[in-house]
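Working notes, beginning with the structure itself.
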Amino acid sequence: MSFRPTLLQPIAVRDKSSAFSVISSYRASAATAGKDGNAFSKGYFRANPLLKDSFWRSTHDLQSSIASIRSMNGRQSNKEHVSATAEEVLPHRRRKKAKEQVAEDPETAYPIPHDASAKLANISSTLPNQSLKRLLATYLSLSKPRLSFLVVLTATAAYSLYPVPGLLAPAATAAPSLSTLTLFFLTSGTALCSASANALNMLMEPEHDAKMSRTRNRPLVRKLISPRGAIAFAIACGVMGTGALYYGVNPTTAFLGAANIVLYAGIYTPMKRMHVLNTWVGAVVGGIPPLMGWTAAASQYAHDGTWEELLFGEGSAGGWLCAALLYAWQFPHFNALSWSIRDEYRNAGYRMLAWVNPAMNGRVALRYAILMFPICIGLSYAGVTDWSYVVTSSAVNGWMALKAWQFWKAQGHKGTARGLFWASIWHLPIVMVLAMAQKKGLGERLYRSVFGYADIDEEDLYYEAGELEEEEQRQLAIVEGAKRNVPQPWSFFINNTIYQTVGNQSITYPRYVELHDGTIIATASLIGPSPSYFPIFESTDGGATWTHVSDLYDTVNGWGMSAQPALAVLHSPLGDFPAGTILGSGNSWGPNASRIDLYASRDQARTWEFVSHIAEGKQPGSNSAIWEPYLMQYKDELIAYYSDERDTAHSQKLSHQTSSDLKTWGPVVEDVAYDEVSYRPGMTIVAYIPPIEQWILVHEIGTGTPLDGYGYPVYYVMADSPLDFASSEGQPIVQGDKAMGSSPYVVWSPAGGENGTIVVSDGSQRRVFTNTFGGQPDKWEGHMTPAGVTYSRAIQILKGRPEHLMVYGGETYSNIHGTLHTPFTATVVNLTQVLEAPFDG
C-alpha cells in the first residue's frame, strides 16, 4: 500500500484534533479494506472511479483543513512555539528571566514546581498498558514520592541528631553508632506510612484535584488506576509501614506513624474544604516524622522503652524541638506557595489563608519564621547541638525572617511570595545540616581525632596473674596508682580518684546513676562522720574528672545516712516530679528503728528535698530491720527493692514496694525467699536484657553454713517483669568450681554478640563474671580486671559506649574503719578485652 507524500509529512500545528480525526478515519477505512487481499492494489483504485474521487477529494479537504488551521491559529502557534523554545532555556537563565519579568510586572506569578505525582502519571500514561513499568510508575505517583522523601529525610535527620554520648569518645573507632537495622526499618516504615497517607489523600479528592493545574494530572484524576486499586495500595502500605516500625523500631514510633496516616488522610484532607485551620493541622502532620526519628533513636538507650519515657522522659525535649522546627517551617513555606495559586485553591473549594485572608496569610508566615529563632536556640540549650549552632542557625533564620517580613509587608506582591518560597526551600536543609554538623560533642571529637588525644596503653590495664596477692598490697597499690593516674575524658584508665578519704573515713557501697546526656552522678557510703551522709559527685567526661556537687543528709530522722545508698533518675514524670528528677535513698538507722527514705533533686543533684518514707523496720540487730535499697523506674511506677527481716518465717528475704507518685507506697511484695529459715538473700540489683526481653535480679545469700559448697554465693533470677521475680527460681553464678562471693552488681552491654553481655561483679574479688548467652546457667565465665576489690563494688556500662565498663572502687570489707585511706575511685576498662582476659582463680 502507498499513500500520497502529503499524508506522510509532519503537520506543524498545536491543535491536531481535526487533522487526527481525518487521518484516523482513513486508517479505519484502510483496515476494513485490508480484509480483501487486492484492496490496496493500484489497479483496484484505478478501476473504482467512485472510491478514487472520494479518496482524493477527502485528501484535498484534509489539506484545506490543515491550511485553515494554520491560518486561524498562526498567532497561537507562534506563541506556543516560543513557549516550547523557552522550556529549552537553561535553568539559571530561566530563573533570571523570571526575575526580570517580576521586576517589569510585580504582579507576575512565579511558576510553582510541578507536582511529582503528576509527572509520574504523565510518564505512566505513555507506557504500554498492563506493563510492569506502567504499574510501578502509577503506584509511585500515588505515594507522592517527593513529599515522602522529605518526610523520610526529616525523620532521619532527627534520628541522627539524637545525642549519643559516644560521640564524645576520643578515637573514631571507639564511637558507638545507632543501629543501622533500626534506621533501615525507620526509613522504610516511614516511607510506607507516608505513601499510605498520600494515596488516601488522592483517593478522597480527585474531583478537586482536577480543578488545579498542579494536580489535574494525578493518576486518579486521569483514571490510570481504579479507586479500588488505590485503596488496596494505601492499606498495604499502611499495614507494612506500621508493621515495620512496630517490629523493627518500637511500638511508640509505630503509633506515631499510624496516627499520622489518620491525621493526614482523616482530618487534614477533609478539613481543607472546611476551614483555614487545615494548615495548622497539616503542620502537625509535618512535625511528627522528626519525633518518630527521635523516639527510634531514644529507644536504643531507654531504660524500659515505654511511650512515657520516649515522648516525655529525660532527653525528650530534643525530639519535640525538632518537631517544632518542622511545624513552624511549614507556614512560611506553604503560605508563600499557596499565594501564587490562590485563585485555583478558591476555584477548587479549598479554604486557604492565601485567598480567605491574605493579610493574615502574611502575618502567620512572619510569626512562625520568627519562632524558629528560639526553637534553634532550644536545641543548643537541650544539649542536642553545640552553642555555635545558635550563631549559624540565627543567620539562616534571619534570612528567612527577612523574606517573611517582605512577604507580609507586600502581602505576597512584588515578587515577595516567590522570594519567601525559595528561601524556605533552602532554609530547611541548611538548618538541618548545620544541626547535624554542630551536634553536641561532634566538633570536639573530630578535633581529638585529628590532633590526637593520648589514652593509657590498654595493655597496662591488666595485672599479671598472681601479682599483688595480698589484700593490703592491692589497696596500697590503688592509693599510689590513683596519685599517678592522669585519665583523659571518655578514655580507659585505672583507679581515677573521685574522693580521697581522710581521718577515720571509709568508702563502701559505691553507687551511681547516668543521666540522659551522659552526666554521671555518683555517691558512696562515707563511714566515719557523725551524722553520716552521702557525698554526691558529678562527672561530665566519662569519669575522667569529678566535682563534688552536694551532700545528701538525713533531714527528717536526724540519724544520718548510715549505709547503702541508692540513686535513680526519672525517665518520665511521676506525680509532681518531672522527667530528669534524680532520686536518692539509703538506710537511716536509729536507736529503735531502721528506715528507708526517699529524697529528690530537681536541679541535677545540687539540692535535695525529702519526699516520703518508703519502709520502716526495727533497729539493726533486732532481726526485724530493713536495709540495702535499690531504686528503679519501671513504666509509670518507681520500684524500691530492699532486704527485709520483718517476716518471721524467714531470716531475711528480698521485697519491693511501688509508687506512682513517689509519696504513697503500695503493699510489700516478696521477690526472693528461701524455705530454709537461715538463708539470708540480700543486696538486690536489677538490670534489663533487651535481646531476650527479660530482667535479671542478682543477690547474695548469707548463711551460717555454706550453701551449695560456697560461702556467701551470688545467685540470679530471671523474669519477664521486674515486678514478678518471685515466680522464678534462682541459680548460682559459677564457672566450674569458681564462684562469686557477696554484694554483687549486674549490668548489661550490647557488646559481645547477638545477646549482648551480662556482667556481674562482687565484693570479694577483682574479676567479673560474664554471660553472652542470655543468662543460661552453664555459660558463665570469669575474667580479670585491673580494678581492686571493693565491698559492694558497683559497675556501669557507659551510655552509648557498650565497650566502656566502669568499675567503682572503695574500701574492702576487712578494712572498713581501717587506716589505709583507700580512695573512692573509678576505673574504665575495655569490655572486649575483659572478655578475652584469662580467668584467675
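In table form, for the structure just shown:
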| read-out | value |
| --- | --- |
| Strands (runs of 3 or more DSSP E) wholly inside region 502-558 containing at least 2 residues that are assigned by TED's automatic domain parsing to the domain that holds Ala579 and of a type in the set (Val, Ile, Thr) | 506-514, 520-527, 547-552 |
| Enumeration of residues in region 752-781 that are outside any strand (DSSP E or B) and aromatic (Phe, Trp, Tyr) | Phe773, Trp780 |
| Residue under evaluation Leu326, criteria (1) under 22 Å from the mean Cα position of the chain (by Cα); (2) surrounded by fewer than 23 Cβ atoms within 10 Å (Cβ to Cβ); (3) more than 28 Å from Asp603 (Cβ to Cβ), criterion not met | (2) |
| Residue check, Trp408 modelled with pLDDT of 80 or more, more than 25 Å from Glu803 (Cα to Cα) and surrounded by fewer than 16 Cβ atoms within 10 Å (Cβ to Cβ) | no |
| Subset of region 263-276 (residues that are touching a Lys or Arg at 6+ places or on another chain (Cβ under 8 Å) and surrounded by fewer than 22 Cβ atoms within 10 Å (Cβ to Cβ)) | Arg273, Met274, His275, Val276 |
| Qualifying residue in region 277-297 (condition: part of a loop (DSSP other than H, G, I, E, B) and either crowded, with 22+ Cβ neighbours inside 10 Å or assigned by TED's automatic domain parsing to the domain that holds Leu161 (or both)) | yes |
| Test: residue in region 389-398 that is free of Cβ contacts under 8 Å to residues at least 12 places away in the same chain and of a type in the set (Val, Ile, Thr) | yes |
| Residue check, Asn260 surrounded by fewer than 22 Cβ atoms within 10 Å (Cβ to Cβ) and modelled with pLDDT of 90 or more | no |
| Which listed residue is aliphatic (A, V, I, L, M), at pLDDT 95 or above and touching a Phe, Trp or Tyr at 6+ places or on another chain (Cβ under 9 Å), from Ala568, Ala579, Ala544 | Ala568 |
| Residue check, Val384 more than 24 Å from the chain's Cα centre (by Cα) and of a type in the set (A, V, I, L, M, F, W, C) | no |
| Region 746-768, subset under 15 Å from Arg793 (Cβ atoms) and modelled with pLDDT of 95 or more, residue surrounded by the fewest Cβ atoms within 10 Å (Cβ to Cβ) | Val747 |
| Looking only at region 216-248, and only at residues there that are in a helix (DSSP H, G or I) and β-branched (Val, Ile, Thr), the one that is surrounded by the most Cβ atoms within 10 Å (Cβ to Cβ) | Thr242 |
| Selection from region 719-734 of residues that are over 29 Å from the mean Cα position of the chain (by Cα) and either not assigned by TED's automatic domain parsing to the domain that holds Ile758 or not aromatic (Phe, Trp, Tyr) (or both) | Asp724, Ala726, Ser727, Ser728, Glu729, Gly730, Gln731, Pro732, Ile733, Val734 |
| Flag if Ala640 is in the same structural domain as Thr581 (by TED's automatic domain parsing), surrounded by 16 or more Cβ atoms within 10 Å (Cβ to Cβ), small (Gly, Ala, Ser) and touching a Pro at 6+ places or on another chain (Cβ under 7 Å) | yes |
| Total residues in region 514-558, condition among the polar types (S, T, N, Q), surrounded by 21 or more Cβ atoms within 10 Å (Cβ to Cβ) and within 31 Å of the chain's Cα centre (by Cα) | 2 |
| Count - residues of region 298-310 that are in a helix (DSSP H, G or I) and surrounded by fewer than 24 Cβ atoms within 10 Å (Cβ to Cβ) | 2 |
| Among (1) at pLDDT 95 or above; (2) over 10 Å from the mean Cα position of the chain (by Cα); (3) of a type outside the set (A, V, I, L, M) - the single one Pro290 does not satisfy | (2) |
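This table checks each residue for (1) crowded, with 16+ Cβ neighbours inside 10 Å; (2) modelled with pLDDT under 95; (3) of a type in the set (Lys, Arg).
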site	(1), (2), (3)
Asn587	yes, yes, no
Ser594	yes, yes, no
His613	no, no, no
Gln633	yes, no, no
Asp661	no, no, no
Thr664	no, no, no
Glu676	no, yes, no
Val686	yes, no, no
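The values are calculated or read from the model by the stated rules, or taken from the named source; none is laboratory data. These numbers come from a predicted model, not from an experiment. FYI the Cβ positions are ideal-geometry reconstructions off the backbone, even for glycines, and counts take in every protein chain you see.
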